[in-house]
Each structure stands twice: as C-alpha cells, then as structure tokens.
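To start, the structure under review is shown below, and the notes come after it.
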Amino acid sequence: MRQLFFLFSFIFFLLSFSTAQQTDTLYILQTTDVHGNVQDYNYFTDKTADYGLARIYSEVVRLRRKHKNVVLLDGGDLLQGTPMIYYFNQIETDVPNPMILTLNTMQYDAFAVGNHDIEQGPLVYNRARKESHFPWLSANSLLRDGSAYFKPYTIIERNGIRIGIIGLTTPGIPMWLDKTLYPGIEWTDMVKTAKKYVKILRPQVDVLVGLFHAGFEAEYSKKQTDALGLPNENASRLVAQQVPGFDVVFAGHSHRPKPKPGQKEIVKNPNEPLLINAGSWGRNLGVAEIIVKRETADIKFKTKNLKQKTRVRNKRRYELSPKMRAAMQKNRDKRILTEGKKRAVKLPDSKAQDSRHKTLENKAKTPEQTAAGEPKGSTWHITAKKGWLKSTKALPPSPEILSLIKPYHRKTLHYIRTKIADLTAPLDAARSRFEDNATVELINKAQLDYTGADISFAASFNEHFKMPAGPIRIKDIYGMYRYENFLYTIEMTGQQIKDFLKYSARYFVLDNGQITASTEMPGYNYDMAEGIRYTIKVNRKKGNKEKREKGNKGKDIRQMIKEVKKKYQEASGKIISGNLVEDLIFIKTGKPLKMNTKYTVAMNSYRASGGGGHLAAAGIKKPKILSKSNVEMRTILAEYIKKQKIIRPETDGNWKLITNY
C-alpha cells in the first residue's frame, strides 16, 4: 500500500506540472496618443488633472506584480501636445527627452510612430528614437530602396510565448505635413503593407499584434484621401477585416476609446482579432487578456521507469524504480528549500533591463526558412481573449514617475507662467464659431502680421477658452491655440477662396429654423477668414445623417441617389454643402472679390497640406506655396501679442450667418 501511495502521488505531481505548462495567460497593455502627458497636470489650466502616464504606471506595476506575462506598448503621438514636451523638444534640448525617459523607466516594449511625432521634424524624432530603449515601429514608412525607415516589426518573448508586433502609421500624413518633415519617406497603404509582413511574421510567432497609429473609422476622411489619391487615413479596422492572422489590433490616432471604459470586449471566435483603442492623453490603459494553450504536453510518461509486478483484483500494481525514488526525494528537498522564497517575490527594479524585454528579431526567419523547419511553427494556440480599458480617474500617480519628472515639471511651470502682455477685457471663445470673435480675430491678425498676406484663414481650436482681463501668459497661448502647426502662405484665386469658404460652411445646419453645428464636421475644420467681408447663408437642414443611420427607412433608391448627388459632385471631388457664401468684399480695396484674380492667403500647415479637405474642395491638389514659417504658430502668436504689449479684444464684424427660414 505504501508503494502504491507513492506511485499515485508521483503521477499526480507529474500531471499537475504538465497541466500547468499547457495553459498560460498573456496581458498586452496599450497606451496611445499620450500627447506629452506624464504628470497628472493640465498645463493649459495650470491645475491638477486625472490622467497621464504617472497614473498609468500605477496600474502597470500592479499588473506586473500579479501576472508574469505582461507586454507594454504605445501607439504613437507621444512627442507633441503639452508645453512640457514642446519646451524640451525645441528650447532646452541638451537634456534627455522627458517622454522617452518616462517610457524607458516604465519599460515599454515597442512604440508605433504617430503623425504628430513626425510633425516635430527629423532632428527631434531621431534624437528621441536614439534615446529609446524600445523599438520604433512603422512598416509602411517606405524608402526608395524598398526598406522601411522605421523597423517594420519586432518579436518579443514571455515565458516561451513568442509575440510578434507589426507597427503601422496613418498614411494620411501628406494631407497635413510638409515633406521636409519626413524626407524620402512614402507612407504606404496599411492593408497592403500588413499583408506583406503577416506572411513573414505569422509562421514564427504564437501571438500576432497590430500596433497601429490609425483609427477604426475608415469612412472618417475617406472622401478627402480619395480626392488626394492617398491611402485610407484610418484603416485599422480594414486591416483587421481584410488581413487574416492578427490576434489583437490596437488602434490610435482618432482619440476614440474602444471599448468604452467599464465595458469588456469579448471575442468568441479565437481566430478573430480583438480590437482595442486606449483613447488619448493617458486617460485609459488598454488591456488585452489572452489565454493560450500548448498543442502538446511538455512532459510525457516513460514507461521504462516503471516495473510491472503483480495483478490484484484485475488492477495493476506498480513499484517505483530506485532511479525514480531518487528523483522524487530530490524534488521534495528542493520544494522545501524554495517554499519561503516563493512567498517573497518582488517586482523587478523598473530601471533594470531583464529578460522580459529581450527582443528576438535576430531569430526571425523568412517564410521559406520557417517551412524548412527552423524555427518551428507555433507551439501555443489561443483559446480565449478579451479586452477592456482601465480608467485613470481613480488611480494614484506613481511616486517613481513623479520623482523622475519633477525637474521637467518645475521648468515647465516656470515657462507657462511667464507674462508676455496685458489684456484689457475678457476673452471668451464660446460663440467663436457662430459669430466674429475677438479670439479668432487675434489669431488671424497675428497670421497677417507675420506673412503680409491679403487674406488669412483660421479655426477656433478651443471653443471652451476663456480668459479674464489681466496678464497674458504663455499658458494662455496654449489654451487658445492647441496645435503645433506652422504658418504657410499660398496663392488662391477669388473663386477658390469662395469654394474654400463654402466647404467650410458645411459646419452649419438648420434645426427647427435655428442655426446649429453639424455632427458631420468637427469644429476644428471650420475656418473663418480675415481680410474679406462675407455672408454665409445657411440652408442645409439637420437630419439627413440620422435618417441614413436608421437604414434610410421610408426612402426609395431614387430619393437616396438624389440626396447623394445633391451633396457630392464626384467628378470634381467638390462637396456641395447646401449653404451659400455671398457678398465677398476684399477689405483692402472695398470692392468685390474678383473670382479670377490671384490673392495671397495665410493658413496653418495642416490646412495648407490638405488637412480637412478644404483645398481639394476648392479644386487645389498642389497649392503654390509662397512661404513657410520656421517657427510654429504658437510662437508666432505669442510674439505678436508680446509686440503689442496691450491687447484690446475687438472684432470688425467681417462675417455673419443668416438664413431665409
């Protein structure tokens, strides 16, 4: 009986060990569109906030302490967005980049390049890339020789599980950025590029991840990219649908969280990809939980170690060999010695580089090499996966990150609190898109002053901006103008200017006779002009989109076609808004704007590069660029205000909205 007891105990031990080796869980974490937010602080309002990487890291530490297989990724747009990152990108550049220093400390495994990272220019992003302890990925950053400027993919390993990560960047970059910011790079189609690298990587890994700086909303700017002959800007969902092989697709760029915080995305079919977008500004941590199982058990029984002895009541009895007895005793002694140590496992020092972050690109083989048997195919198979977003609202900031970033934070506070001028009356941008407003007028005046152009276009980037009378500080410029655009001067005819304004007027619709904002056009794409007087007549009624979303119930096909034709002129690519732009007067002469005369027009680099589709709607594919600023727009605005010393908010009432209803 004693021998039988030892036998079954040993078999149970072997079965338990084998089972534990067959199933494992992998946690892949994502941040994206962090936009310079490390400290939980809003530099625009100069107040504490409830987002940022300092809070994200608290959750990362908890997950790493609890689980052994954790991967941490970022989806791009890291190097732009706050006064802190601007200051250390452009002003004090002889210290480590604060964003890269933070990601190194948090031990990120990979980073997908975003359009706003490229916007900083090659000096900035190449310096940041050099400082990084993790690979920068962008498989569709194609050079003339066919290679990728950034690494196309990386392979990492966790407890024997091989994870392949393919990075892609939105190919909409030429719509917004000048080619001098990415010399020699062509941003190719995401679907085609993904197909190429999935063929290479899928046979070599157990889990394949898409880390994309592009949204899931393929229709968002499709008309604009089609008009310019560019690949789809937000093709992450298209890749997930059209390129088999991905287990998880992480999106970014759109700032649209998926799934919503508090909800879980459960994939019932393990062969379908899990879709996650962590949103923006470090407000959420994306979490993908993947359960994997080995195809075969690691340990097999060897019957030669067992000696069959006798049969009792038609059942077999076994006696352990001396060799097996010795093995059992050795394992029991080892278990006793290590029992206490297992209870005292500590999180590794975040600054140490351990085996969890070892990259395996050197071991990667081509499909032909894989077919030949080296390395072998997947030994793990996914049995279940789900994803969710962990909000940072209730998370405490990590003391380690706060200590790390403290000198950068102090320097930034000193910078944003610098006084540059005085304001005689309050500024309020609440109605800035519905009437001539002193905030937008100030931006347009700064652009005209810098360029000497005839006409200026500008948008209200922050309709929540408010500022009391008193000192104007650097932080107020950031609140007024959120983006790091440059300033361009281009040539346009009077007709093109009118078409540009008509396209911009799509922002307005009528709702029960009242002029309101359309849900089809973001506010930052509504531009207002200075240097001309004009009237926008709003005739387009609200409701068409909502009816379409309900399946176009109650409409026949002829009615639907009529609506589409009314809205789009596909031959020219021009969009008919239904609203009219009338009574255009060139202020310099006091006479009507001449449709065939050429004028100089100031606008930001995003718009001049095709962003928003305004130039395409005006029939301009390649604008004649007369000048480009060598400093970004916020600096131009700050210098203009500083030169004025005293700002008296005023408007000239050069445009207005009317309706016949």
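Scanning region 149-181 for residues that are basic (Lys, Arg), open to solvent by 10 Å² or more (accessible area, probe 1.4 Å) and modelled with pLDDT of 95 or more returns Lys151, Arg162.
Yes or no, residue by residue, for (1) modelled with pLDDT of 95 or more; (2) touching a Cys at 6+ places or on another chain (Cβ under 8 Å); (3) more than 18 Å from Asn140 (Cα to Cα):
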position: Met190; (1), (2), (3): yes, no, no
position: Asp206; (1), (2), (3): yes, no, yes
position: Tyr220; (1), (2), (3): no, no, yes
position: Ser236; (1), (2), (3): yes, no, no
position: Phe246; (1), (2), (3): yes, no, no
position: Val249; (1), (2), (3): yes, no, no
position: Pro257; (1), (2), (3): yes, no, yes
position: Pro261; (1), (2), (3): no, no, yes
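Checking Ile477, Ile497, Ile536 one by one, the residue that is assigned to a strand (DSSP E or B) and crowded, with 19+ Cβ neighbours inside 10 Å is Ile536 and no other.
State yes or no: is Ala429 at pLDDT 95 or above, among the small types (Gly, Ala, Ser), touching an Asp or Glu at 6+ places or on another chain (Cβ under 9 Å) and exposed (fewer than 13 other Cβ atoms within 10 Å of the Cβ)?
Taking the combined requirement at face value, the residue does not satisfy it.
With a requirement of 2 or more residues that are modelled with pLDDT of 95 or more, the helices (runs of 4 or more DSSP H) lying completely within region 543-661 that satisfy it span 633-644.
Residues checked against (1) β-branched (Val, Ile, Thr); (2) touching a residue at least 60 places away in the same chain (Cβ under 8 Å); (3) at positive phi:
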{"position": "Phe150", "(1), (2), (3)": "no, no, no"}
{"position": "Thr188", "(1), (2), (3)": "yes, no, no"}
{"position": "Tyr197", "(1), (2), (3)": "no, no, no"}
{"position": "Leu208", "(1), (2), (3)": "no, no, no"}
{"position": "Gly215", "(1), (2), (3)": "no, yes, no"}
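Residues that are at pLDDT 95 or above, over 19 Å from the mean Cα position of the chain (by Cα) and hydroxyl-bearing (Ser, Thr, Tyr) are absent from region 5-18 altogether. The residue of region 435-471 that is surrounded by the fewest Cβ atoms within 10 Å (Cβ to Cβ), among those that are part of a strand (DSSP E or B), touching a helix residue (DSSP H, G or I) at 6+ places or on another chain (Cβ under 6 Å) and not polar (S, T, N, Q), is Met467. Count, please, the residues in region 230-276 that happen to be in a strand (DSSP E or B) and over 15 Å from the mean Cα position of the chain (by Cα). The qualifying residues number 6. Within region 25-40, the set of residues being outside any loop (DSSP other than H, G, I, E, B) and open to solvent by less than 30 Å² (accessible area, probe 1.4 Å) comprises Leu26, Tyr27, Ile28, Leu29, Gln30, Thr31.
Okay, residues lined up against (1) out of contact with any helix residue (DSSP H, G or I) (no Cβ under 7 Å at 6 or more places or on another chain); (2) under 30 Å from Asp24 (Cα atoms):
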{"residue": "Asn159", "(1), (2)": "yes, yes"}
{"residue": "Ile165", "(1), (2)": "yes, yes"}
{"residue": "Leu168", "(1), (2)": "no, yes"}
{"residue": "Val191", "(1), (2)": "no, no"}
{"residue": "Arg202", "(1), (2)": "yes, yes"}
{"residue": "Leu228", "(1), (2)": "no, no"}
{"residue": "Glu233", "(1), (2)": "no, no"}
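Taking (1) in contact (Cβ under 8 Å) with a residue 60 or more places away in the chain; (2) not in a helix (DSSP H, G or I) in turn, Ser504 satisfies each apart from (2).
The values are calculated or read from the model by the stated rules, or taken from the named source; none is laboratory data. Keep in mind it's a predicted model, so treat the numbers as computed, not measured. Reconstructed Cβ throughout: ideal geometry from the backbone, glycine too, with neighbour counts over all protein chains shown. Quick note on the areas: whole protein, heavy atoms, side chains included, nothing else; ligands and nucleic acids left out. Shrake-Rupley method; radii C 1.70, N 1.55, O 1.52, S 1.80 Å.
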